Every structure is written in structure tokens, then in C-alpha cells.
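Visitor: Before anything else, here's the structure in question.
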Amino acid sequence: MNPRENGKAGLVTDFLTEDHRRLEKLLQSAVAHADQVDQGAYDQFRAGLLRHIGMEEKILLPAAQRLRDGEPLLIASRLRLDHGALATLLIPTPTAAVIATIRSILNEHNILEEGPGGLYEICDKLAGSEAAQLLAKLQAAPEATVLPHSDTPTVMNTIHRALERAGYAFREDAT
């Protein structure tokens, strides 16, 4: 989906949708060779996805709530569950199962944000004349702090709980 094709996309939609495409390319590059993960590309994807989640959680969703006189968007709780699940999946060393689970979530999640009537379109409409200011805040969002991978049993339990809360399952069958 390319919002620019229909000529109706706003500043927020364009910026965040382009970031989705950038992240998709990084993830694709990270797994281009079936037998191994390109750790450099995956590290860029990981940092980029965390920054993207931060932009939505710390800037976009609060702005939408402010523009709705304090009323959060109905979709906000769903997106936050997805963000939590995605963030936990970025903790362990990437495996085929971890990457398959991330992709599975992103396939559904990105539609909620980019699709007709999705988060980005709603935010563009709400922002109106403030859209350029909102875009500037998104563009100025800092890079995320990325910690080393952790593969402890506690991490895996946390992943499974986050996925369950968000309505997803770990893709253990991935190869």
C-alpha cells in the first residue's frame, strides 16, 4: 500500500508509512540468506523498530488524545499491546521463529496503522493545521537505546505472556 498513490495521504501518513517500508527492507536484508541472520542489518531493524514504536507511543498517540480533548483513540490499546509484543520479541537473539513471529504481527499491525481509517489517517485528520508541527516532532524523535540480546528463560516467558496478551502465538514452527 502506498498512500501517495491516491494523492490523499497526509504528512503523518507519508512519513510513518515510509518508515514502515524502510524497516521492512532492513528486515528483509537481515534474512536474505536462509541459513543465517545478517546481524548488522538486524541491529539496524531492531533500533529502527524501537524508535518507530517510541514515535507512536510517546508522540503520536498522546497528540491524538490531546486533540480529542483527552479522549484516547479506540485503537490505541490494541496498538499498545502489539507494540509491547514486538518490543519483547526484539530482546532475544533473532531466530527463524522470532523473525517469523515479528513478521506475523507486523503484517496485521501495519494495516491497523496504514489502512483506510487507520491510525495515521486519523492522526492526519485530527492534526489538521498542526500536522507540520506533529511531523517535526516525529522527525526529531531520538534514537532508541538498544541493549544487548538476552536469551534467558525469563525473557522467553515474558515474550509468551506479551504475545498472549496481544492475541498472538509464538511461531515455533518457523524454519
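The values are calculated or read from the model by the stated rules, or taken from the named source; none is laboratory data. Just so we're clear, the structure is a prediction, and the values are computed from it rather than from any experiment. Don't worry about glycine lacking a Cβ; one is built from the backbone with ideal geometry, like all the others, and counts go over all protein chains shown. What goes into the accessible areas is simple: the full protein's heavy atoms, side chains included, and nothing from ligands, DNA or RNA. Shrake-Rupley method; radii C 1.70, N 1.55, O 1.52, S 1.80 Å.
Visitor: Quick one: length gained pulling Ser29 to Arg78 fully straight, 0.36 nm per residue minus the C-alpha distance?
Guide: Working: separation 49, 0.36 × 49 = 17.64 nm, distance 2.85 nm.
Additional length available on full extension: 14.8 nm.
Visitor: Suppose we take every Cα in the range 123-175 and form the convex hull; what volume per residue is that in Å³?
Guide: Roughly 171 Å³ of hull volume per residue.
Visitor: Kindly state, to the nearest 0.05, the FRET efficiency for Arg66 paired with Ile111, given R0 = 25 Å and r defined as their beta-carbon distance. It would help to have the intermediate numbers written out before the result.
Guide: Values: r = 25 Å, r/R0 = 1.01.
So, using R0 = 25 Å, E works out to roughly 0.50.
Visitor: Per residue, how much accessible surface does the range 19-94 expose to a 1.4 Å probe? Answer in Å², no decimals. Don't skip to the answer; put the middle values down first.
Guide: Working: 3570 Å² over 76 residues.
On a per-residue basis, 47 Å².
Visitor: So how much slack lies between Asn157 and Glu143, counting 0.36 nm per residue of separation and subtracting their Cα-Cα distance, in nm?
Guide: Working: separation 14, 0.36 × 14 = 5.04 nm, distance 2.73 nm.
Extending this stretch completely gives an extra 2.3 nm.
Visitor: Still on this structure, I have one more. Take the alpha-carbon positions of the chain, form their convex hull, and give its projected area averaged over all directions (one quarter of the hull surface) in nm².
Guide: Details: hull surface 41.5 nm².
Orientation-averaged projected area of the Cα hull: 10.4 nm².
Visitor: Moving to a separate point now. Using only the alpha-carbon atoms of the range 55-114 as identical scatterers, what base-10 log of I(q)/I(0) does the Debye formula give at q = 0.14, 0.16 Å⁻¹?
Guide: For the requested q values the scattering log ratios are -0.46, -0.57.
Visitor: If you stretched the chain out fully between Glu130 and Ala47, how much longer would it get, using 0.36 nm times the residue separation minus the C-alpha to C-alpha distance?
Guide: Working: separation 83, 0.36 × 83 = 29.88 nm, distance 2.79 nm.
Full extension from Glu130 to Ala47 adds 27.1 nm.
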